[in-house]
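Heads up, the thing below is written out as structure tokens.
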Amino acid sequence: MLETKKISELIDEIIADTQLFLIELRVTDSSIKVVLDGDNGVALKDCVILSKHIENSLDRDLFDFSLEVTSAGVGQPFLLRRQYENHIDREVLVTENNGETIRGILTDVSDNSVTIRKKLSSKKRKKLIKNEIDDCVVLLLKNINHTKATVSFKNN
């Protein structure tokens, strides 16, 4: 039987002292799925190196398994505080537990909350600036269902 602890140790051997970090590890009797993220992203070669290390460290005569090593996708929700920290000053979409969504720039992360500068139309933003109203909202992490980075294909 494949052991999660053993797989986790193999992963740590490769990603320790790098900018990479583990987001998710799923181990069943017949499969291993590893999801990585990195402070500067994850290169394909990082996934290949880790995949080969795991593959070469396990005995195929004892274990018949599928192996998937991948990076956290753009549309995947943040699972770790480190992911929030890596997205400071970037646009995110936050869905609260009550179903409401907030789109804006992630400006701060603390142990139990995040601060989002709401994305507003230029007309509303000018009005807020003129009236010196802050357009930031602080959300408790416990009230957030999920947060995702947004992707824009506009040329600035």
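FYI, it's all coordinate maths here, none of it is from the lab. Keep in mind that this is a model prediction, so the values were computed, not measured. Here the Cβ positions follow ideal geometry from the backbone for every residue, glycine too, while neighbour counts run over all protein chains shown.
Just a few scattered comments:
- The tail of the calculated P(r) for the chain, taken as Cα-Cα distances beyond 21 Å, holds 56 percent of the pairs.
- Across the stretch 24-41, the residues whose backbone nitrogen lies under 17 Å from the label position 7 Å along the beta-carbon direction of H146 are 24-26, 35-37.
- Once both labels are positioned 7 Å from their Cα atoms along Cα-to-Cβ, the gap between K33 and K45 label points is 2.8 nm.
- If you plug the beta carbon distance of D61 and L22 into 1/(1 + (r/R0)^6) with R0 = 30 Å, you get a FRET efficiency near 0.65.
- The stretch 32-80 and the stretch 16-31: distance between their alpha carbon centers, rounded to Å: 6
- Total formal charge among the other residues, if their Cβ is under 14 angstrom from that of L93, Lys/Arg +1 and Asp/Glu -1: +3
- For T107, the residues whose modelled amide H falls within less than 5 Å of its own, excluding neighbours fewer than 5 places apart on the same chain, are D89, T115, I116, R117.
- Size of the stretch 5-78: Rg and Dmax of its alpha carbons, in Å, are 12.1, 37.
- Listed values for the stretch 87-98 are Karplus-derived 3J(HN,Hα) couplings in whole Hz (6.51 cos²θ - 1.76 cosθ + 1.60, θ = phi - 60°), namely 10, 4, 6, 10, 7, 9, 10, 10, 10, 7, 4, 7, and x replaces Gly and Pro.
- Percent of beta bridges antiparallel (DSSP, the stretch 4-71, rounded to nearest 5): 50
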